[in-house]
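Scroll down for the structure; my scribbles are underneath it.
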Amino acid sequence: MEQRNWKIIKYLVILLVIAGLLFWVRTTVRNEFSRSMRENLLRLSNSISLTDAGAISEKFPDVLIYKYDFEGNEYESGSGLKDLVRKLEDFAYGEEHALYEETYISSYSVKYEGKDYNVVFTPVIEDYQVVGVMVQLHSAQDYVRLLRTLDNMFLILFSLFAVGFGVATFSIDPVTTYAIIVTFAVVIVFIVYPLYEAVRLTFVRTGTFSFDVWKVILTEKGYLKAFANSVLLGSITATVSTFIGFIFAFLVTRTSIKGKKFISTFATLPVISPPFSLTLSIILLFGSNGLITKQLLKLNWDIYGLDGLVIAQTMGMFPIAYLTIVGVLEAIDSTLEEASMNLGASRWKVFTTVTLPLSLPGLLSSWLLVFTNSIADFANPLMLGGKFNVLSVTAYLEVTGMNRLDRGAALSLLLLLPALTAFYLQRYVVNRKSYVTVTGKPSGRIVEIVSPGIRRVLTVFVYAMIIFLIGLYSTIFMGCFVKNWGIDYTFTTANIVEALQRGRKALTDTTFLAGVAMPIAGVFSMIVAFLFARKKFPGKKLLQGAVLLPFAIPGTLIGISYVIAFNKPPLILVGTAAIIVINYVIRELPVGVEGGIATLKQIDPSIEEAAQNLGANPQTVFSTVILPLIRPAFISSLSYTFVRAMTAVSAVVFLISAKWYHITMQIYNFSENLRFGLASVLSSVLIIIILVVFGLLRLLVRKSEYLEKNIVQQ
């Protein structure tokens, strides 16, 4: 008890000392700001006093004037200024200074039309004599805001020290407590706060609460049509992608076909390719000057619109369905199908009554997951949308073209409704799927329920899709060496030189920012996963829901909310590299956390307890025991973050600046200007960079596992 009382006394004493020190620093900084402001204000006021009163409003529109001379002439640039100024307690003192040819800054500020103003008395001199007084009102809004920000900064510093020192003094496990506090802070600042600001802007645009923005959004036909188009596109894409993904997964998991690794590789390849790459190749093959439509078949088919979007999104998103369904089909007990066939059921009957019902949760999960990604997609509609407007692009145009942040935020929030609904339905189905697919002790063999003829049909379909994918990727690389696609197919290498010269900054910026975000996201996601899987603390479920929220939020909403929230004090981050890196980390955090939790659930907690019993502290346990065991999830998080950062579009388009550009937007700009050769070069380079990083990370995993095995043997 005495030791605890001593800790409390020590804590309070040190807090008082730090509070006094911070207060002294804060006072010193404020005084320096005030001194600098007064000097600038004196210089500006003296300059204005030499200007004719009628011209002041044109040259200095933010300055209000009340001027009078000794003959009774008066002038005021705003109604009521005379009465407002003459009520100042030091008015006579300021007038006296002006009569003695001295400029005087009043000790009091005044409020005029809801704004704060500093008051300055300056003499009016004619023929070297003082003939009157000019009272100038200078806006103090920026100065007041600066002082308020300064006070808030010192208050935040003191609060951080109080919390940090309190944890270090009283907590049994300070490292874990710090991790929990930091996670809460990150979620509040970079997830909850931006969303709150976006929602608030849609209701409070001009300082007063209003439903005007939502009335426009929910009644204007153009917006409702874009919303309906987004849902239609998402529904068609999800249905087609789930069908294709199921056929791929069924052929790989439930048949004895050869070349399963080859099929699986191509079924997942679009996941790690840039979103513009497949879209670009579709334009090169089926666009207005497409190789197939115009050069070979002489067709007048317009790829821009719903048809082209469905093709582009399906080819890019069916791997999501494939990866979801593969796990479900692998978990189905083959003995159930064998028993059904032994009881006389036909192959089709077994498929429709056993295999399909057991895989239904996975089918529904993949449909909902693809639907969520489709309606939130920004890259494909931006290039292939044409007259088929969708909500994500409409929100982008409202912000960048019309400068209507409130409408852009409202449209993105409207897009969030079907996305959130699909997300939580998908979560619900995934949580239920194990109860319907795990039916007993699994069989070590697969009973093939498809006939040889059907298997050949499925094989032809799958390989046709693979050939189409190969054609799309080959088109990208061929486009690098064509002088002017659609017009002049002469071989050239000039595209490579020009593209690398013009896109060098975008490439280096993107690679650098992705490289910075990759380790931050990987380590932070594993720490958060460890907290969720191993620790109990108040607000855990609420925090877990908030961490997973960015996965369901459309990228356009994240980008717009970041612009709204971080383009003003206390955190002015828009235009910096930090806001882009933070976006990468937060956007991909849910995937890393979910992977880490899934891996940690397979690790016996007694391993960590044994290390702690041997005297290891929590950070040593995490770095030497936990992190090596969850290395696959860690490397997966690194890979996923890097790929998504390199290929990001929807959120990054709002956050890039002249100083920090992104390669995907450079590809889009080349495509918009019909420089398909340059766009092909940058897309190819982007694919190569991603594949190289993937290879290095895989090599790192293998090497680490090999070394770890040697250590155990010794």
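The values are calculated or read from the model by the stated rules, or taken from the named source; none is laboratory data. None of these values were measured; they are calculated from a predicted model. Positions of Cβ are backbone-derived with ideal geometry, glycine not excepted, and every protein chain shown enters the neighbour counts. Surface areas here come from the heavy atoms of the whole protein model, side chains and all, with no ligands, DNA or RNA. Shrake-Rupley method; radii C 1.70, N 1.55, O 1.52, S 1.80 Å.
Some notes on this structure:
- The charge dipole of segment 473-590, taken about its Cα centre with unit charges on the Cβ atoms of Lys, Arg (+1), Asp and Glu (-1) only, comes to about 640 debye.
- Loop-located trypsin sites (Lys or Arg not before Pro) in segment 483-568, at most 15 other Cβ atoms within 10 Å (DSSP): LYS535, LYS536
- For segment 190-202, 3J(HN,Hα) computed residue by residue from phi via the Karplus equation (6.51, -1.76, 1.60; θ = phi - 60°) reads 10, 10, 5, 4, x, 5, 4, 5, 5, 5, 4, 4, 6 Hz, glycine and proline entered as x.
- Normalised per residue, the volume of the convex hull around the Cα set of segment 86-214 (Å³): 200 Å³
- Working value for segment 7-59: equivalent-ellipsoid semi-axes of 47, 9, 5 Å, each the square root of 5 times a Cα gyration tensor eigenvalue, largest first.
- A simple spin-label model places the labels of GLU74 and ILE467 9.2 nm from each other, with each point 7 Å out along Cα-to-Cβ.
- The calculated FRET efficiency for the pair MET402 and THR508, based on their C-beta separation and a Förster distance of 51 Å, comes to about 0.95.
- Cβ charges +1 (Lys, Arg) and -1 (Asp, Glu), total dipole of segment 195-281, debye: 380 debye
- Expressed in Å, the radius of gyration and Dmax of the Cα atoms of segment 583-657 are 16.2, 52.
- Segment 233-251 and segment 524-562: distance between their alpha carbon centers, rounded to Å: 29 Å
- Signed unit charges on C-beta, dipole axis of segment 507-623, positive-most listed residue GLY555, GLY545, PHE524: GLY545
- Between 0 and 90 degrees, the angle of helix 2-49 with respect to the longest Cα principal axis of the chain falls at about 60 degrees.
- Between THR219 and LEU420, the FRET efficiency from the beta-carbon distance, with R0 = 25 Å, is close to 0.65.
- Electrostatic dipole magnitude of the chain [Cβ: Lys, Arg +1; Asp, Glu -1; Cα centre; debye, to 20]: 3680 debye
- Across the options SER49, TYR66, TYR143, the greatest Cα extent toward the positive end of the charge dipole of segment 42-200 (unit charges at beta carbon of Lys, Arg, Asp, Glu) belongs to TYR143.
- Between GLU58 and LEU360, the simple spin-label model (points 7 angstrom out along Cα→Cβ) gives 7.9 nm.
- Angle of helix 452-479 to the longest C-alpha principal axis of the chain, folded into 0 to 90 degrees and rounded to 10: 40°.
- Taking TRP348, TRP367 and ordering them by how much accessible surface each has at a 1.4 Å probe, largest first, produces TRP348, TRP367.
- Charged neighbours of THR183, selected by a Cβ distance under 12 Å, balance to +2 (K, R count +1; D, E count -1).
- Set of lysines near LYS505 by C-alpha distance (under 16 Å), chain-local residues within fewer than 8 positions excluded: LYS659
- Full-extension gain in nm, GLU126 to LYS535, via 0.36 nm per residue minus C-alpha separation: 139.4 nm
- Projecting the Cα atoms of PHE203, LEU589, VAL574 onto the charge dipole of the chain, computed from C-beta unit charges around the Cα centre, puts LEU589 farthest toward the positive end.
- Here the label points at SER451 and LEU50, each 7 Å from Cα along the C-beta direction, are separated by 10.1 nm in the simple model.
- For segment 50-142, the relative contact order comes to 28 percent (Cα pairs under 8 Å, sequence separation of at least 6).
- Degrees between helix 306-331 axis and first principal axis of the chain (Cα, 0 to 90, nearest 10): 60 degrees
- Here the contact order of the chain, divided by its residue count and restricted to Cα pairs under 8 Å and six or more residues apart, works out to 14 percent.
- Over segment 453-550, equivalent-ellipsoid semi-axes from the Cα gyration tensor in Å: 44, 29, 10
- Ordered by solvent-accessible area of protein heavy atoms (1.4 Å probe), largest first, the residues PHE477, PHE190 come out as PHE477, PHE190.
- Centre separation in Å (Cα based) which lies between segment 155-201 and segment 615-686: 27 Å
- Cut-off 20 Å, label 7 Å out along Cα→Cβ of SER606, residues of segment 507-547 by amide N: 534-535
- Charge sum, other residues only, whose C-beta stays under 14 Å from THR279's C-beta, Lys/Arg counted +1 and Asp/Glu -1: -3
- Summed over qualifying helices (DSSP H, 4 residues or more, each -39500 (n - 2.57)) and divided by its residue number, the chain shows a 222 nm mean residue ellipticity of -23000 deg cm²/dmol.
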